[in-house]
1. ILE197 - would you say it is assigned to a helix (DSSP H, G or I), within 17 Å of ILE63 (Cα to Cα), touching a residue at least 60 places away in the same chain (Cβ under 8 Å) and aliphatic (A, V, I, L, M)?
2. Give the residue, chosen from LYS211, LYS165, LYS159, LYS152, that is closer than 29 Å to ASP56 by Cβ and surrounded by fewer than 16 Cβ atoms within 10 Å (Cβ to Cβ).
3. Provide a single number: the residues in segment 107-149 that are crowded, with 19+ Cβ neighbours inside 10 Å and basic (Lys, Arg).
4. Just wondering, is there one or more residues in segment 63-78 that are more than 19 Å from ILE175 (Cβ to Cβ), charged (D, E, K, R) and either at pLDDT below 95 or loosely packed, with under 13 Cβ neighbours inside 10 Å (or both)?
5. In this structure, is VAL77 out of contact with any Phe, Trp or Tyr (no Cβ under 6 Å at 6 or more places or on another chain) and in a strand (DSSP E or B)?
6. List, please: which pairs have Cβ atoms under 7 Å, are six or more places apart or on different chains, and start with a residue in segment 93-115 that is in contact (Cβ under 8 Å) with a residue 40 or more places away in the chain and end with one that is assigned to a helix (DSSP H, G or I)?
7. Which is in contact (Cβ under 8 Å) with a residue 24 or more places away in the chain and touching a strand residue (DSSP E or B) at 6+ places or on another chain (Cβ under 7 Å), of ILE78, ILE50?
8. Can you find, within segment 9-41, the residue that is modelled with the lowest pLDDT among those that are crowded, with 16+ Cβ neighbours inside 10 Å and over 29 Å from GLU163 (Cβ atoms)?
Amino acid sequence: MQKRSKRYQAESKLIDRNKTYDLDEALGLIKQTSKTKFDGSLEVHIRLGIDPKKSDQFVRSAIILPHGTGKKLKIAVIADESKQKEAKEAGAFLVGGKELIEEIKKTSRCDFDIMIATPDMMKELASVAKVLGPKGLMPSPKSGTVTVDVKKTIDELNKGKVEFKNDDSANIHQIIGKVSWDTAKLKENFETLYDAIKRVKPSGLKGTYIKSLTISGSMGPGVKVKV
C-alpha cells in the first residue's frame, strides 16, 4: 500500500469519503486541500457503466473547454513542405515530414503533447504507430488531429480543445483547469465536459451510464460529486 504524506492524511480528514458533494462544495474542498508548492491541475475522474470490450460502447469525443486547461501544449505537426510553413507560423512546437518520422522511429522520443498530421502523411506514420499509439499520440480523424486545415486545428488546440475517451477500465480522466482558478471558470469547464460526455452515451447501453464522478487536485485527495 502506498504510504501517504502527513499533509495528505491531514487534508483527507476534511473530506467525508462516504458523502457525495454538490459541485460548488466539492470545488471549495479541493481548493482547501490542494496545498502543493506549484499551481496544481484540477482533474475529473468519471467511472462509466459501459463494457469497454464492446466497440459500440466506446466513449470518445472532442470539445473546446471555454477556459482551456491551463497547460501550454507542445504541438507536433507532420506534413509536407507546403503545409510546414503554415504550421510554424501558427506556433507549432515541432514541424517536419518524413525525416521527423524517421527520427521518432530511431529514438522513440516524443517530446510533445499532441501530434497533428495531414491525411497524405498517415501512410508514412504507420511505421511509428507502435511508438505513438501507446502514448496516445497517434493522429486520428475522430479526434480531429488528421486535417488539411493545420492552422485552424492548432488554433483550436491552443484555445482549449481536448479529446476525452474511456480507458480499458471504463474510466475517463480529464484535466479541466488549475486549482487556483476562479470557481466560476472551473464550473464552466466542468459543465462543458460533463454535458459532452452525456451527449455521447452509447445508444445500446442498458443500465447506469455515469456510475460515479470524482474531482481532485494534483497530488490531493479526491472528492465525490453528485451526478
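1. It is true that ILE197 is assigned to a helix (DSSP H, G or I), within 17 Å of ILE63 (Cα to Cα), touching a residue at least 60 places away in the same chain (Cβ under 8 Å) and aliphatic (A, V, I, L, M).
2. After applying the criteria, what remains is LYS211.
3. Of the residues in that region, 0 qualify.
4. Going through segment 63-78, the residues more than 19 Å from ILE175 (Cβ to Cβ) turn out to be 76-78.
Next, from what is left, pick out any that are charged (D, E, K, R): none.
No, the conditions are met nowhere in segment 63-78.
5. Details: out of contact with any Phe, Trp or Tyr (no Cβ under 6 Å at 6 or more places or on another chain): yes; in a strand (DSSP E or B): yes.
For VAL77, the condition - out of contact with any Phe, Trp or Tyr (no Cβ under 6 Å at 6 or more places or on another chain) and in a strand (DSSP E or B) - is met.
6. From segment 93-115, the pairs are ILE114/LEU157; MET115/LEU132.
7. ILE78
8. Among them, the one singled out is GLU11.
The values are calculated or read from the model by the stated rules, or taken from the named source; none is laboratory data. Note that the structure is a prediction, hence the values are computed from the model and not measured. All Cβ positions, even for glycine, are placed from backbone atoms using ideal geometry, and neighbour counts span all protein chains on display.
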